[in-house]
Structure formats: C-alpha cells, structure tokens
Amino acid sequence: MQSNLMNFITIDRRSTIAYNEQIKESLKALIVDQTFYYKTELPSYIRLAEFLNVDIKYIKTAYEQLIQERYIRKIDAERYEVAYFELTNYFFDRNVAIYDAIIALGLTPSIECVEKKVIKLSIEQQTYMGFVPNEKAKFFYLNRLYMGNHQPIMILENYLPMSVFPGIDQNFIGNEPLNAYLDEHYHLKAHLSHRITKAANLSSVLAKHLNERKNAASIRSTNRVYDKDKRLIDFGQSHAISSYYFQGLISKEDIANYYTSKI
Amino acid sequence: MDYIFVNKILKTPIYKQIATSITIAIEKGELLFNDKLPTEKEVCHTFTISPTVVKMAYDQLINEGRIKRIKGKGTYVTNRKNHRSPINEFYQIDRESNKLEKIVRQIILIDLIDDDFSAYRMLKLTKGENCFVCVRIIKENRNPILMQKIFLPEKHFPNIDISNLEKKTLFEVLQGKYTHSIDHLHNTFSSINATSDEALLLNIASDDAIYFVRTQLIGKQNQVLGYIANYFPGEFTEFEVMVHAV
C-alpha cells in the first residue's frame, strides 16, 4: 500500500468507541467506497500501529474481524489485501441474459457446465416448480457456472421439459448461452419471466463452486419463464457470489401511488 | 394442537398429513417462531396413531428446517411466515392497510449524531454535520420482519419529530412537509451474513443470511436527502419481479 493511502485511516482518541472498532469501521468504509479497491495491499500491523500510535493488538483485532467479515484476506503470513468488491447487475428487472449482463460489467463471460442430464421429478417437485404434473414427464437438467474473467459470478440450475425441447440432451453442448440456443433451435422466446429473490446461506456444494465459504450469504433467484402461450418452459434457480448486488429505482410516481391508494 | 388435521380414510400417509398441517399453520402464521409443538406422545394420544408415525412427521419437519428439538425442553417452531412483496413495494412492508396482522413498530434507538463511517458516505455528509438516527424493528405478530436504520440529516429535515416513526410509516412521517422534495428512491439489494447483534434483533441465528437493502432518498437536484439501511431476515423475505419481453 502506498503510504499516502494510510492517511485515510483515522482514529478519534476522545471517542468512547474502542480503537480496534474504529480502525475496523474506518477501513471498512474505505473499502466499500473503493478508496482501497479490490486487491489493494493493507499496511502491516506494525506499520499501521506505528502510524496511528496505538498498540499492535488493536490492529490485529481489527484485521481479524475484517477477515471474518470477508472485507480483507491474508496473502501470506504477514500480508493482507482487500477481498471485497461489488458487482452490480443493472439488468435485474429487465429481460437481459446473464451472459450479456456479464459483458455489460466489462468482464469476459464464459460458461462452465457442471452437470447436464435427463431426469424425472416427483409430482411434488413439478407442482412446486409450476409445471402441470405428469408422472411420465422428463426434464433436461442443467447446472452451469457463469464466470466473468474466469471468476465465478453465478451458478444457475435449469429444468427444461423434454416435451417442449425434444432432443436437447443430444444437441446442447453445455457452454453456449441458453436463451439464444432455445430461440435458434426451438423458436421459443421468453415472453414473461417471473423472478423471486431472497437472501440465503450457501450450501457447501454451492459455496465450493462459487469460491465462497459455506454459509456465505447469497442472493437466490428463482425464475419461471413462460412463452407467449403462457406455458412454463423453464424453471431456474440461481445463486450469486456474495459480492453481487443489484439496483432498483422507485420512481416518484410509485411513491405518489403509495399515497393516493392509501385508505 | 387444533391446527393438526388427520383423515385416516385418505390414502395420503398420516405422517405426511401431520407434517403438512403443521407446515400450513406455520405459513399461515397460526404457529409462530418459538412456539412449542405438542409432544409426540400427546399427538399419539389425541389421534390414536403410533409413535413412529408422529416421529416421522416431526423428523421430516426437522429436515426441512421448520422445527427443532431442544433436549429436555420440547419441539419448537424455527420457521416463520414468508413475506413476499413486489420488489418496488418493499418499503411499504409496515403499511397496515396491506396486512391482516397487526404491525408493531418498535424504536430501539434515537440519536442525533455528527459522524458515521458508512452512513455519511451514503448521505454525502461530512463529519460534524448533524443527522437524526432512528433504529426501529418492525414486527408482525411477534416476528421481526424488518430492522431499519433511518438516517435523516438535520439540514434536510430540520425539527423532524423522529419518535413518530413508532406510530407511523416512514413516508407518513415525511408526508406533506418533506415528500414534495423527494424525487425517487435509489436502492441496492444485496445479501450479508448477520452479525450477532443483527441476528438477536431479527430473531434469526448469527451468520444467517440477511437481505440487505440500502435506500437513498434522492431529491430533485439529485442530492441525497436521507438514507435507510434495511435488514430483512433473508430466509423469510421474498421480492418478486415480473419481467416482460420487449
């Protein structure tokens, strides 16, 4: 780290807040607003302790807490770097494929196929997903990892009815963008996509794929895609890396509606 | 235990019927977080069924994470009602006219501060400028459904009576005098792991996922008028979007 960056870290000696807490919060704020951007090396314990003129134990505690909260990580025994970055999807509420959203982020997209197979689903599973339940129905199951610059961003599982997409298990390789493929080979386009998002803890399997720790908080999105005849053609569930976030504007009209519709 | 329903004439296995009735009671909000379930023995007696069947039902619910056994104490509900709302209406969660259940807003902290590392960056305030802070928890029945940290800078909201946030929604408090100056809300949605304090206030476990929504109140000149940090219990909150093809 350049020494002038250290000047941003401040403590208030008159404050009742513990030094380690102040150092932690100060660093966190600098990391979040990207004054200390991704992979910036932090000053060593000793240098920062000397600079702030505090006992080394406060710096150690602050760094340990920041590691726990995954703002920073260890490079080796004595060096630390910023681990935090934010990845914005500006297209969450628009009909844009993940692949294209990754390009819009300025990253090179790629898709890695983790698994593809033909499966059967129980009646309960089919009902939950929204398919018309049929004991004989077969589904093409796809589990794929979307990457930007070779780093995982999102893992997405899809369930596609074989009755709608006959032969897809034979012809779909696995690393091509799905929407474009369905349009080209089956002339089917998403007419409506119903998305439900929540925050969930990652299972160990998902965490491993996404390069995260088990239980890391992740945005889970469940998508049901309907064609123009209102037929469910794709059920998907995605989990994103913990740095992922998306934005949404609420317009003045929405706020005005809030008042006018009030009883 | 009147929420359990068994029909022995049906082909559906009895353990499934029991598990389903309890699930429905949780989803409807009849059974709340931390409510105690009848003991397996009590269920056996009431419905004259074998203990294995009841055990199977409870085991299924434990596997699904809806209930848990605490040794020597009994079986308790861990799950709670899911809240689903359209994504552009998330800030209306404490609006009473939308809900059947009673909403309680509980303020746990009111303060006037002159610095906060994270919030002042969102607010574009500098250290030394005064800002009202209110931390409140919104509960439906006994379940916390949202914790909010509301930051309203004194320069934009002079003389605002922030304690009104206990009786009213944020926009009701801002209505009239202030709302005309708010142009839109800028929101970022992300997920974070709960710290122990956040978990305690939201009645979830430490490290559980939180749906974290940061809202900036933006004025006509694009200035940041206020900032709200919203903490929703992740497993129990869903936001919905309908995306139509263009």
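For the reader, a short list of remarks on this structure follows.
- Distance from segment A:1-52 to segment B:1-31 (C-alpha centre basis), Å: 55
- Computed magnitude of the charge dipole of segment B:84-240 (debye, nearest 20; Cβ of K, R +1, Cβ of D, E -1): 420
- Cβ-based charge dipole, chain B, positive-most Cα from B:171, B:222, B:22: B:22
- For residue A:72, distant residues with modelled amide H under 5 Å away: A:67, A:83
- Sites residue B:168 and residue A:34, calculated FRET efficiency, Cβ-Cβ separation with R0 45 Å, nearest 0.05: 0.80
- Modelled FRET efficiency - R0 45 Å, residue A:213 with residue B:9, Cβ distances, 0.05 increments: 0.35
- Residue-wise HN-Hα coupling along segment B:155-161, computed from phi with Karplus coefficients 6.51, -1.76, 1.60 (Hz; x: Gly, Pro): 5, 8, 10, x, 6, 5, 8
- Shielding of B:116-124 by partner chains, average beta-carbon count, 10 Å: 3
- Dipole magnitude (debye, nearest 20) for segment A:80-164, charges at Cβ of Lys, Arg, Asp, Glu: 460
- Helical content alone sets the calculated 222 nm signal of chain B at -6500 deg cm²/dmol, taking -39,500 (n - 2.57) per DSSP H segment of four or more residues and averaging over every residue.
- Farthest toward the positive end of the dipole of chain A, out of A:49, A:63, A:82, is the Cα of A:63, where the dipole comes from beta carbon charges about the Cα centre.
- For segment B:222-236, putting each phi into the Karplus relation 6.51 cos²θ - 1.76 cosθ + 1.60 with θ = phi - 60° gives couplings of 6, 7, 7, 8, x, 9, 10, 9, 9, 10, 9, x, x, 5, 10 Hz, in residue order, rounded to whole numbers and with x for Gly and Pro.
- Reported value for segment A:87-246: 111 Å³ per residue, from the convex hull of its C-alpha atoms.
- Volume in Å³ per residue [convex hull over Cα atoms, computed for segment B:193-232]: 63
- Note on the protein assembly as shown: Cα-Cα pairs beyond 34 Å make up 47% of the total pair count.
- Calculation over all alpha carbon pairs of chain B in 10 angstrom steps from 0 returns a P(r) of 7, 26, 28, 18, 12, 7, 2, 0 percent.
- Cβ-placed point charges (K, R +1; D, E -1), dipole of segment B:1-133 about Cα centre in debye, nearest 20: 700
- Set of aspartates and glutamates with alpha-carbon distance to residue B:127 below 17 Å, sequence-local pairs under 8 removed: A:12, A:25, A:33, B:111, B:114, B:115, B:116, B:154
- The residues B:186, A:194, A:239, when put in order of fewest to most other Cβ atoms within 10 Å, stand as A:194, B:186, A:239.
- Phi-based couplings in Hz for segment A:213-219 (Karplus 6.51, -1.76, 1.60; Gly and Pro marked x): 7, 4, 6, 4, 6, 9, 7
- Averaging 1/r over every pair of different alpha carbons in segment A:3-82 and inverting the result gives a Kirkwood radius of 12.5 Å.
- Loop sites in segment A:6-86: GluC sites (Glu not before Pro), DSSP, at most 10 other Cβ within 10 Å: A:78
- Neighbour-count ranking [beta-carbon atoms within 10 angstrom, fewest first] of A:118, A:164, B:43: A:118, A:164, B:43
- Taking a sphere under 14 Å around the Cβ of residue B:114 and counting the other residues whose Cβ falls inside, with K and R at +1 and D and E at -1, yields a net charge of -3.
- Unsatisfied cross-links (Cα-Cα over 32 Å) in the set A:60/B:71; A:214/B:11; A:138/B:16; A:230/B:220: A:60/B:71; A:214/B:11; A:230/B:220
- In the structure shown, the pairs A:136/A:228; A:252/B:155; A:198/B:177; A:117/B:8; A:74/B:139 are assessed against 30 Å; a Cα-Cα span above that value is assigned to A:198/B:177; A:117/B:8; A:74/B:139.
- Burial ordering of B:173, B:241, fewest other beta-carbon atoms within 10 Å first: B:241, B:173
FYI, it's all coordinate maths here, none of it is from the lab. Given the structure is predicted, the values throughout are model-derived calculations rather than measurements. Cβ: placed from backbone, ideal geometry, glycine included. Neighbour counts: every protein chain shown.
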